[in-house]
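In what follows, a structure is listed as structure tokens, so that the remarks can point back to it.
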Amino acid sequence: MAENGAGGGGGGQNLAVLDALDSARTQMYHMKAIVIAGMGFFTDAYDLFCITTVSKLLGRLYYPDSNADIGKPGTMPVRINNMVTGVALVGTLMGQLVFGYFGDKLGRKRVYGITLVLMAVCAIGSGLSFGSSASAVIGTLCFFRFWLGFGIGGDYPLSATIMSEYANKKTRGAFIAAVFAMQGVGIIFAGLVSMIVSAIFLHYNPAPAWNVHHGWTVDHQIEQWPGADYMWRVVLMLGAFPALATFYWRMKMPETARYTALIEGNAKQATNDMQKVLEIRIDEEQEKLSKFRAANEYSLLSMEFARRHGLHLIGTTTTWFLLDIAFYSQNLTQKDIFPAINLTGPPGTMSALKEVFVISRAMFLIALFGTFPGYWVTVALIDKMGRYLIQLLGFFMMSLFMLVMGIKYEYLKDKGHALFAILYALTFFFANFGPNSTTFVLPAELFPTRVRSTCHAISAASGKAGAIVAAFGVQTLTLKGDPKHMKQALILLSVTNMFGFFFTFLVPETMGQSLEEISGEDGNVAGAAAGHVDKDVEKAPPSSTEWQPPSSMN
């Protein structure tokens, strides 16, 4: 394929504003965009995963007699537990589809701030309750967490699309991956904040271990009720602050030049917007834009889209679906696996607040040493190794480690705690230095501007369908910590990851290409359908009239 510009817009050269974006040196505005979009993902991860640290506390507080017959602290019934941990995922799936669609129809910027407002309001609402009964508290919690997830869902396609359309082609993968890597920071803070808040409440509300008052009366429960009941509310409400902190800056971001030029057809506005925020000089090309747009007006449901990108969409949806079954099973069932790897003790030997503290501490350690490094290794290597190889490697290693943990579960649980913890942490590392990052990056690059946000939303929603399978299916196996069921769950997840490995072959490599080369918007449909650029073809020399980046951009 000739260099971007040699065949653009159905035979003409590529647009100057797009060439400028692809060639622009990394600047402060790129870093600012990463932080603004990344703080949304920080909030997303905090809000989605902080529920893991307090779900056992909710069982003790509102279902205290549920395990009286077996002499253990109360837990939420399986159906209620799955609702509390899974309802936000259902909201996320729906929010991804809705906001992804409107991101293409109304523009990325117009709906970008709505997601943050919804997240902030619903994070606060999650800590409230209309009444004091278990049904009232849990019902209120589920209502607000559904709409919290709805707002979180919008962040996926919008943040990914905005970052991909701002970035230059040399470091685009790293920029998009860096936005997503803030999810790892959010998971760390979910554990850290829960640990700090529970420690503070524990200091001022000391309570004996549950087994000291085996068969507690109502009076015994009331002794620790106020502190514990406030504690989980504070943790959930704190998720509103990072969203509110970045709202102003999101509203100041201009619409992406690709949307303004290719969808709205306004080359002058696109040029002006980019020259204000990036130190680049761009020539206006309104006449060329009309020809460029005319060749790329097919819709998502057209045969042309199916021919060019049908397999790509199948690849991004299936791999994200399979990945999220494993990834969310790992995160949502941490509290059940921690005792097996000796990071937490038996619930009966701790008070309610103490149990939150040790679960949060374990989650923090796993995230810090297993989850977090994987994200940033991806950021460092994705534009060197490529998306394709990283995704294959991640799926394969996750499958291998989960298979070993499943087959040797009894031995690792009883005698190999340290090895179990290492293997468990490595599955997180290769999830994030692997498909958890690449499944987010690829849909933001593969599809044309007209349907980029929608296609990313469909792919992400498929992922959340996998997360729902994890919350309502796999978690049911692990909730009671039964060794037989835990073993079955780990082997099942190993098989799921291997399916993800094979479906990755439907996804092409996108490294080093412009978005228009990848999608075929530059006029080279054959190259886009094949999903690669022929690096051996000599690049066409620029004509004397072709726009060239100023020297300051080199």
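The values are calculated or read from the model by the stated rules, or taken from the named source; none is laboratory data. Predicted model, so just to flag it, every value in this text is computed and none were measured. Neighbour counts run over all protein chains shown; Cβ positions are idealised from the backbone, glycine included. The protein model used for the area step is the full one, side chains on, heavy atoms only, and it has no ligands, DNA or RNA in it. Shrake-Rupley method; radii C 1.70, N 1.55, O 1.52, S 1.80 Å.
Overview of values
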{"read-out": "Cα-based equivalent ellipsoid, segment 22-519: semi-axes from gyration tensor eigenvalues, Å", "value": "42, 24, 18"}
{"read-out": "Cα-Cα over 18 Å, subset of K72/K487; K413/K484; K354/K484", "value": "K72/K487; K354/K484"}
{"read-out": "Surrounding net charge for S132, when Lys and Arg each add one and Asp and Glu each subtract one, Cβ distance under 13 Å", "value": "0"}
{"read-out": "Cut-off 13 Å between beta-carbons: net charge of the residues surrounding K252, Lys and Arg +1, Asp and Glu -1", "value": "+2"}
{"read-out": "Net charge, A470 excluded, C-beta distance under 12 Å - Lys, Arg +1, Asp, Glu -1", "value": "0"}
{"read-out": "Three-way shape call for segment 413-476 based on the alpha-carbon gyration tensor, with the a/c threshold at 1.5", "value": "oblate"}
{"read-out": "Whole-Hz ³J(HN,Hα) from phi, Karplus 6.51 cos²θ - 1.76 cosθ + 1.60, for segment 416-421, glycine and proline x", "value": "x, 4, 5, 5, 4, 4"}
{"read-out": "Per-residue HN-Hα couplings for segment 430-442 [Karplus 6.51, -1.76, 1.60; θ = phi - 60°; Hz; x = Gly/Pro]", "value": "7, 5, 8, 8, x, x, 5, 8, 6, 5, 7, 6, 4"}
{"read-out": "Dipole magnitude (debye, nearest 20) for segment 22-519, charges at Cβ of Lys, Arg, Asp, Glu", "value": "280"}
{"read-out": "Share of carbon and sulfur in the accessible heavy-atom surface of segment 81-144 [1.4 Å probe, %]", "value": "76"}
